[in-house]
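Participant: Pasting in a structure now, in structure tokens, and then I'll have a few things to ask.
All of the numbers you see were taken from the coordinates with simple rules; none came from a lab. What you see is a predicted model; the values in this text were computed from it and never measured. For neighbour counting, all protein chains shown are included, and Cβ atoms are generated from backbone atoms with ideal geometry for every residue, glycine included.
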Amino acid sequence: MDSFFIRYRNLLVLLAILVAQIVGLAVQVRRPADSRGSLDPKDSSGVRLIRLWAESLVSPAEQGIHYSKLGLEGMWLNYLNLRHVREQNQDLQKTIGRLQLEQAALLEDARQGQRLQALLDFQQKYIYATLPAQAIGSSGSDQSRVFYLDKGSSDGLKPDMAVITADGIVGKVRDVFPRTAQVLVINDQTSGAGVILETTRIRGILRGDAAGHLEIVGILADQRIQPGEKVLTAGGDLIFPRGLPVGVVEKVVRDPDRDSFIDIIVKPAAHIDRLDEVLVVTSTEPRFSPQEQQDLATSENLKGAEAEAIKEQAKASQIMAERLPGLIDPNLPPDQQPLLDTSNPNPVAHPPAALHPDRFSPGVPAQAAPDTQGSSKPAEPATSPREKQDVAPVGKNGAIAPGTGPKPASKPAHPPKPVRNP
Amino acid sequence: MSVLGANFRRDMEIRRYPVLVYALVPLAALVLQAWLPRVLGPYAWFDLPLVVTVYFALGRRSPIQGTIMGSAMGLFEDALSHHAVGINGIGKTVVGFIAASVGVRIDVENHTIRIMLNFLLSLLSSAIYVFIYRILLGLDLEWRWFTELFRAVGNSLFALVLFPLLDRLQIRD
């Protein structure tokens, strides 16, 4: 028996190690019910321990190499930049002055937007705190699209925080170690983000395919979606704040599994293959300085006082309306309206009757006034063609023919010009 | 006559290195494998841990040591990714075992043979990786044969430079 183990010890060791790893794989694979070719991203404690060991072993050296590279680059760039530093400094001073003015204006806009948001009870999230971090290493495998940051839990990073650049979103923090963090890039197969198309407002889920392309899956075929349309975060995934740029639509292809659906291939806005500096969104809750909070409180108080004043004014108007006599009471029959009440000590004043009624007097039907001065012939009305249109034909009894009179104009009717006889 | 036996010949040809080399070279391979793809982007067609595994397995000529080393390197690679731990581990375990087993029977001083072996074992490692990923785990994997071929060529080029350098670090009596 001993000779068997000695003779086949190499194979036995190989088999033992292979079996142990296969069993370990089987334990790790917990496929979610709704997954499509992906694994459960959560690690067990044992696997996380192995990852922690590997990260602790590799990250210090990676950081050393990365910062050495940055130092050398900095030395070289500093040497090059010294040549025109004075002119650049003057330009920058001017730029700072201009940006300070712009910042003041933008801060005012932001405060106004915040007040409006609070008034309308929007639940939209904004970025209020970010932490800059350096990408120091990758997984080393082109099938695992993750990279490592030089900031970890000691810097306040937590899993599921969004990672962005000025160009667009990059990914989310997948795992956090004391001094480093692992970021899952958005073009990985296990990644996902809620997005919305800027123009058509179509929502979808962004994910990476096996080749590392970004695609929005599960979209009903829509011919409005055209290449070049911007894609933004929708904010519904509780990871990425709303409105961040994701990329642009590169092309639209048919979903190979479902006929009426399409996949949208997206060109990422951020350079996710070459990342050096990124921003980790550490807070999406409002955080204002004490001065800004005081300003907001003052603004809210002013708005409250204004609303109270309007309410008081409306109440006073209602009381006055109740005290004043009404001209028309909807609850009374027409013959008992207050307007006809003779017992009213302050009756409504009617205009006095005209001594010489003419066509302008109230109650006199409009008609062309005959010219009584001059010849007995009826005078031709010396009116313009426009005025001719406004003058209605008059019947024998002086009534205006129905349907032929001037239309009730929205503007006040002008009195016809007096007839001038030569 | 026993000094001319197979065991004696193998013992004479076993390469020995300082302990620091055993510790630092694999570590350097893991660090560079994690760092260089950031610099080279999608053109990082190499697998330094595999090259180091093949080198030590061929030099040490011990299948058990080759198996253990390949397993450790693969597991560390897996641990740095977000995939299940063991995918690379299984592939490199097999590669380490085969390299050490072949090393017993061939002349490891010949550079051409070592580089050819490196090329073939790189292809074998890629095939095992694809097998585990697609068949064993049933996951989607964008697999291009020419990418794996380029990776094997890249490993051979690295081996062409790295093997002579590492040969200088061995302990000579």
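Participant: Could you work out how far apart the two model spin labels at A:E306 and A:A105 are, taking each label as a point 7 Å from the Cα in the direction of the beta carbon, and quote it in nm?
Facilitator: According to this spin-label approximation, the distance is 2.2 nm.
Participant: Work the Kirkwood hydrodynamic radius out for the stretch A:45-283: mean of 1/r over every pair of different alpha-carbon atoms, inverted, in Å.
Facilitator: For the stretch A:45-283, the Kirkwood estimate is 20.2 Å.
Participant: Read phi for every residue in the stretch A:95-108 and hand back ³J(HN,Hα) as whole Hz from Karplus 6.51 cos²θ - 1.76 cosθ + 1.60, θ = phi - 60°, with x for Gly and Pro.
Facilitator: So the J values, rounded to whole Hz, are 5, 4, x, 5, 5, 5, 5, 5, 5, 4, 5, 5, 5, 5.
Participant: Quick check on the exposure proxy: order A:W53, A:W76 from fewest to most C-beta atoms within 10 angstrom.
Facilitator: Ordered by Cβ neighbours within 10 Å, fewest first: A:W76, A:W53.
Participant: Ok, one more. Taking 7 Å along the Cα-to-C-beta vector as the label spot, tell me the A:S283-A:F5 distance in nanometres, rounded to one decimal.
Facilitator: In this crude label model, A:S283 to A:F5 measures out at 6.2 nm.
Participant: Here's something else I'd like to know. For the stretch A:45-283, build the charge dipole from Cβ charges (+1 Lys, Arg; -1 Asp, Glu) around the Cα centre, then report which of A:G236, A:S191, A:G156 sits farthest towards its positive end.
Facilitator: Of the options given, the answer is A:G156.
Participant: Stick to the Cα atoms of the stretch A:144-207, pair each with every other, and give me the Kirkwood hydrodynamic radius in Å at one decimal.
Facilitator: 12.5 Å
Participant: For the stretch B:104-162, max minus min Cα coordinate along each principal axis, in Å, sorted largest first?
Facilitator: 41, 24, 15 Å, listed from the longest principal axis down.
Participant: Could I ask something else about it? May I ask for the angle, rounded to the nearest 10°, between helix B:48-60 and the longest principal axis of chain B, with both axes built from Cα atoms and the value confined to 0 to 90°?
Facilitator: So the inclination is approximately 20 degrees.
Participant: A follow-up question, please. Given N residues in the stretch B:2-167, what is Rg(Cα) / (2.2 N^0.38 Å)?
Facilitator: 1.03
Participant: Report the trypsin sites (Lys or Arg not before Pro) located in the stretch A:127-229 that are in a DSSP loop and have at most 13 other Cβ atoms inside 10 Å of their Cβ, or state none.
Facilitator: A:R201, A:R224
Participant: Using a 10 Å Cβ count of at most 14 others and DSSP loop calls, identify the longest part of chain B lacking such GluC sites (Glu not before Pro).
Facilitator: Answer - B:1-108.
Participant: Across chain B, where is the longest run that never hits trypsin sites (Lys or Arg not before Pro) in a DSSP loop with at most 16 other C-beta atoms within 10 Å?
Facilitator: Counting only loop sites that pass the neighbour cut-off, the longest clear stretch is B:17-104.
Participant: How charged is the neighbourhood of B:F158? Take every other residue with its Cβ under 13 Å from the Cβ of B:F158, and add Lys/Arg as +1 and Asp/Glu as -1.
Facilitator: +1
Participant: Here's a follow-up. Out of the chymotrypsin sites (Phe, Trp or Tyr not before Pro) in the stretch B:55-156, which ones are loop residues according to DSSP with at most 16 other C-beta atoms within 10 Å?
Facilitator: Passing sites in the stretch B:55-156 are B:W143.
Participant: Now for a separate question. With +1 on each Lys and Arg Cβ and -1 on each Asp and Glu Cβ, how big is the dipole of the stretch B:2-167 about its Cα centre, in debye rounded to the nearest 20?
Facilitator: 280 debye
Participant: Based on alpha-carbon centroids, what's the gap between the stretch A:216-260 and the stretch B:59-129 in Å, whole number please?
Facilitator: 43 Å
Participant: Which one of B:I106, B:I87, B:I115 has the biggest mean-square fluctuation once chain B is modelled by GNM with Cα springs under 10 Å?
Facilitator: Maximum among the listed residues: B:I106.
Participant: Now a separate question. Which of A:M320, A:M161 comes first, and how do the rest follow, when ranked by fewest Cβ neighbours within 10 Å?
Facilitator: By the 10 Å Cβ count, ascending, the order reads A:M320, A:M161.
Participant: Name the most mobile residue of B:V25, B:V161, B:V102, meaning the one with the largest mean-square fluctuation, in a Gaussian network model of chain B with Cα contacts below 10 Å.
Facilitator: B:V161
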